[in-house]
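The values are calculated or read from the model by the stated rules, or taken from the named source; none is laboratory data. The model shown is predicted, which means the values in this text are computed figures rather than measured ones. Cβ placement follows ideal geometry from the backbone for every residue including glycine, while neighbour counts extend to all protein chains displayed.
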């Protein structure tokens, strides 16, 4: 009875409020201005991130003396990886836009092997990169890791911490006696897939959302793994918005 | 790109026109004044739409906007709290009585709510106005369910005093 009284009093108190009077045009201008500031901040953040990633390997970069190294490239097995990696902005609210190569491209396939819901409602995904032929790929594909995202109807609603998950080992090592940079690589062939699960940190819901809210309806909910094709295959494409993505997804069920 | 820009504006327009007053009422219960409620709604809308949300519907956006309003309100109070501690104690500004709160009962409830801490008030509003369960409130406030129950108990006790006084005077 008391609780009904409290509810009634709150309803009546709220009921005296004047209708909201907002100029949507003015609001739109504020939104556009805020988006521009966020974009400017993201560009600065990306530059800092790239600079930080390069600085982490700076002490090794100083040992370079090959022509390729002078050109800012590290070459392994004929493929060329840019030594400054950039990543597409796949933050909350974004959709995963083209270019997307899909789950299969060239010899590679990105495969989700298992999706499960943890006891704390988080999402755990196991995934691997397979190859139809014997190849060597960077160990931990690129300095930027494969990313686990949760999308609803194509829009990111949960994702990994954007900070790099740094390997305890540097991506590059100095070849003894030569001073050249050598990318640390791993052998992949049809019998030996490259398990990328260790690099898939548990995603966090976007601000304002909880796992309970996400799981309340599984309509349109997908676990999505993306891996940069630039980093896996080797490409001269630098701009993050043209970095093609390997993408594999699996529906999330309650 | 022009189509995408028009889409979010349409959604925002629909949200403001269909649910704007409901959002303002929610903000009013949180902060206790209409101007503050309007500010909470405005800032929450700007923050929400500052990130592209191409496929979200009004129904999906409203709880998100309310969550942003709640977080902003609690953050604002914390920031003002630091400021209040730095400044010499000043007389509390006289509260302009809203002419719409004409009845003595509404004034009593209004006054009782002002005695609550922002967290207690938020718990009360989320529980009895938004009809959320304790677990959902704990999620929104980022605290334990035990803390939510304590806030609710304190809030209800203080309101109980108000109602009993009103009853006696009535």
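Restricting the search to segment A:12-31, which residues are more than 7 Å from chain B (Cβ to nearest Cβ) and under 14 Å from residue B:26 (Cβ atoms)?
Of everything in segment A:12-31, just one residue is more than 7 Å from chain B (Cβ to nearest Cβ) and under 14 Å from residue B:26 (Cβ atoms), namely A:15.
Name the single residue that is farthest from residue A:88 (Cα to Cα) among those in segment A:146-172 being touching a strand residue (DSSP E or B) at 6+ places or on another chain (Cβ under 8 Å) and at pLDDT below 50.
This residue is A:172.
Pull up segment B:49-83, narrow it to residues that are part of a helix (DSSP H, G or I) and at the interface with another protein chain (Cβ under 8 Å from one of its Cβ atoms), then point me to the one that is surrounded by the fewest Cβ atoms within 10 Å (Cβ to Cβ).
If we take residues in segment B:49-83 being part of a helix (DSSP H, G or I) and at the interface with another protein chain (Cβ under 8 Å from one of its Cβ atoms), then B:63 is surrounded by the fewest Cβ atoms within 10 Å (Cβ to Cβ).
If we keep just the residues of segment B:1-22 that are touching a helix residue (DSSP H, G or I) at 6+ places or on another chain (Cβ under 8 Å) and at the interface with another protein chain (Cβ under 7 Å from one of its Cβ atoms), which is surrounded by the fewest Cβ atoms within 10 Å (Cβ to Cβ)?
B:13
What number of residues within segment A:174-207 are out of contact with any strand residue (DSSP E or B) (no Cβ under 8 Å at 6 or more places or on another chain), at pLDDT below 75 and in a loop (DSSP other than H, G, I, E, B)?
Matching residues across segment A:174-207 total 4.
Just need a number here: residues in segment A:208-217 that are modelled with pLDDT of 85 or more and either crowded, with 17+ Cβ neighbours inside 10 Å or away from chain B (no Cβ under 14 Å) (or both).
So the first thing to find is which residues in segment A:208-217 are modelled with pLDDT of 85 or more, and the list is A:209-217.
Next, only the ones that are either crowded, with 17+ Cβ neighbours inside 10 Å or away from chain B (no Cβ under 14 Å) (or both) stay: A:209-211, A:213-214.
The total comes to 5.
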